[in-house]
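Right, one structure below, let's go through it.
The values are calculated or read from the model by the stated rules, or taken from the named source; none is laboratory data. All values derive from a computational prediction rather than experimental measurement. As a convention, Cβ positions derive from the backbone with ideal geometry for all residues, glycine included, and neighbour counts pool all protein chains shown.
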Amino acid sequence: MESIILEIFKGITLTPNELQHICAKAKIITLERRAFLLRPDKEVTDIYYIHKGCLRTYFIDASGKEHTLQFAIKGWWISDYIALYGKETSTSVSYIECIKESTLLKISKKDFDQLCEQVPIVNQFYISNLESAFAAFQKRILENLTLSAKERYLNFVNAYPNIEQSVKNYHIASFLGITSESLSRIRKEIANE
């Protein structure tokens, strides 16, 4: 457990007491491929750090169409943030599916909030991560509004260089907001360049 905590807080010096305090509040879990971490309408109380593997957050709209919101790989955090931080609901609105066997560190938001109060360096780390995540989500929205499907695909490949082998084509297409057929066409076009 300590090695995962040190991985998370890489570049930050934690005292032995701080490290022990964090370890006491966290739990390691493993998920098999195709297992669900969350499903809609479940209470959300935890955040998860991906130590190993790959997960996908997606939403199914009223017509039954899947919309992939996020892929999370080693070093990333994942949860249903609408339920975790939102004011309207505390139950999940999305699915989080394991698409590659994963090892996660789980900590409740309540415990993490206490850690932020008790260990100021953890709070600084958390704020920095939230700022980066917010900027990344906003960048993705802008890209979806302004870039071509081919440009979005190239950005995806750059952001997730090792993920294509683990992810189904329709998951990638869903993330990019295009059809699987369009994705195939884009890939052929790039291969012929």
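Observations, loosely collected:
- Candidates S182, S174: the one that is surrounded by 13 or more Cβ atoms within 10 Å (Cβ to Cβ), in a helix (DSSP H, G or I) and touching a strand residue (DSSP E or B) at 6+ places or on another chain (Cβ under 9 Å) is S174.
- Selection from the range 2-25 of residues that are in contact with a Leu (Cβ under 8 Å, 6 or more places away or on another chain) and touching a residue at least 40 places away in the same chain (Cβ under 8 Å): I4, I5, I8, L14, H21, I22, K25
- Looking only at residues of the range 28-49 that are charged (D, E, K, R) and assigned to a strand (DSSP E or B), we find that the one that is nearest to K87 (Cα to Cα) is E43.
- Any hit, the range 131-152, residues being over 26 Å from V167 (Cα atoms), assigned to a helix (DSSP H, G or I) and either touching a Phe, Trp or Tyr at 6+ places or on another chain (Cβ under 8 Å) or not aromatic (F, W, Y) (or both): yes
- One residue from N144, N123, N155, N129 being in contact with a Cys (Cβ under 6 Å, 6 or more places away or on another chain), of a type in the set (S, T, N, Q) and surrounded by fewer than 16 Cβ atoms within 10 Å (Cβ to Cβ): N123
- E66 being surrounded by 15 or more Cβ atoms within 10 Å (Cβ to Cβ), acidic (D, E), in contact with a strand residue (DSSP E or B) (Cβ under 8 Å, 6 or more places away or on another chain) and modelled with pLDDT of 95 or more: no
- Any hit, the range 24-38, residues being among the acidic types (D, E) and at pLDDT below 95: no
- Residue in the range 73-96 that is buried (at least 18 other Cβ atoms within 10 Å of the Cβ) and in contact (Cβ under 8 Å) with a residue 60 or more places away in the chain present: yes
- Taking the range 85-117 as the range and being under 16 Å from the mean Cα position of the chain (by Cα) and part of a loop (DSSP other than H, G, I, E, B) as the test, the residues that pass are S92, V93, S94.
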